[in-house]
Amino acid sequence: MNQSTPYPVLPLLGRGLAAGGLAGLVSGLFSLLVAGPLLDRAVRLEEERESAAGHGHAHDHLHEELFSRGTQHVGLVVTAVVTGLAIGVFFALVHALIHRGTALTDRPWPRALALAAAGFFAVSLVPGLRYPANPPGVGEGDTVADRQLLWLAAIFIGILGAVLIRHFHHRMTDRPQHLRHLAMAGTAVATVIAVFLLPGNPDEVPLPADLVWDFRVLSLTAHGILWAVLGAAFGRLGLRRDVPPQASAGREGEQVRTAVRPPV
C-alpha cells in the first residue's frame, strides 16, 4: 500500500505563482487585444458626454495630468499579471487545504482543473451574472463602497455554493449517480437564485447597449481564460513535479538497458 505524503506548501506556492502569472499574462493580453478597442470607444464616449455636460475643460485637464492611453494599455496587462499572481497564491493555498494528507502523485491534473472550474463559478461567474462588468465612465464615486459590498456579498454566495456542490459530490458517492448530479445542479441553480436576491447595481449605464454587452461578454471571457490557464498550468506543473522518484528511476534504468542491449 502506498503511503500518503502531505502536500508541501512552499512548492505549491511556487507552482501557484508560476501558473497565476502565466494566467494573468494571457488574460491581460486577451483584454488588451480584444477588449482594448471597446475600452477606447467607451473612453471617447465618456469624454463626449462630459463635454456635453459642460465639464469638458476640466476633464481634458485631468487627462493631461494622467497617463497616456499607451501607458494605460501596458498598465492593463501589468495589473492582470499581478492579479493572476495573487489568485495563484490563493489557488495553491486552497488546493493544499482541500487535498491535505493526500499523496503528491494523486491526480494533480484533474484536481487542478476541478478547482479552477470551482473558482470560476464562485468568484467570476456567479458575481458576474448579478453585477456584470461595466466599461469606463460607468459608476459614481458616491456608490463605490456600496458596489464593493455587493460584489463581496456575491462572491461569498458563490463560494458557499461551490462548497456545497463539493459537499454533495463527496457525501453522495453511495447514492445513484443521477441523484448526486441532480443535487449538485440544484445547488448551482439555488446559488444563482440567491445572488439575484441581492440589490441591483445602483448606477445607471449611459452608454450604447451593444458596447456594454460586448464589454461584459469579453470581460467574462477574460475571467474564463484566466481560470482555465491557471488550472491547466497548475496541473501541468503538478504532473512534472509529482513524478515518483521510483518511477523516474525505473524509466531511466529501462532506457539504459535498452541502449546497451546487444542486437539479436
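Model label sites at V78 and L198, defined 7 Å from Cα along the beta-carbon direction, differ in position by 3.0 nm. Give me the tail of P(r) for segment 165-222 as a percent: Cα-Cα pairs with distance above 17 Å. I get 63 percent for the Cα pairs in segment 165-222 exceeding 17 Å. Modelled spin-label separation between A145 and A190, with each label point placed 7 Å from Cα along the Cα-to-Cβ direction: 3.4 nm. The packing ranking, built from the mean of other Cβ atoms within 10 Å per residue, places the peptides 203-213, 223-233, 183-193 in the order 223-233, 183-193, 203-213, highest first.
Here the spin labels are modelled as points 7 Å beyond Cα on the Cα-Cβ line, and at H167 and R107 they lie 2.1 nm apart. Rg/Rh, computed from the Cα trace of segment 70-215 with Rh as the Kirkwood radius, has the value 1.04.
Just so you know, all these numbers are worked out from the coordinates, no wet-lab data involved. This is a predicted model, so every value here is computed, not measured. Positions of Cβ are generated from backbone atoms using ideal geometry, with glycine treated the same way; all protein chains shown enter the neighbour counts.
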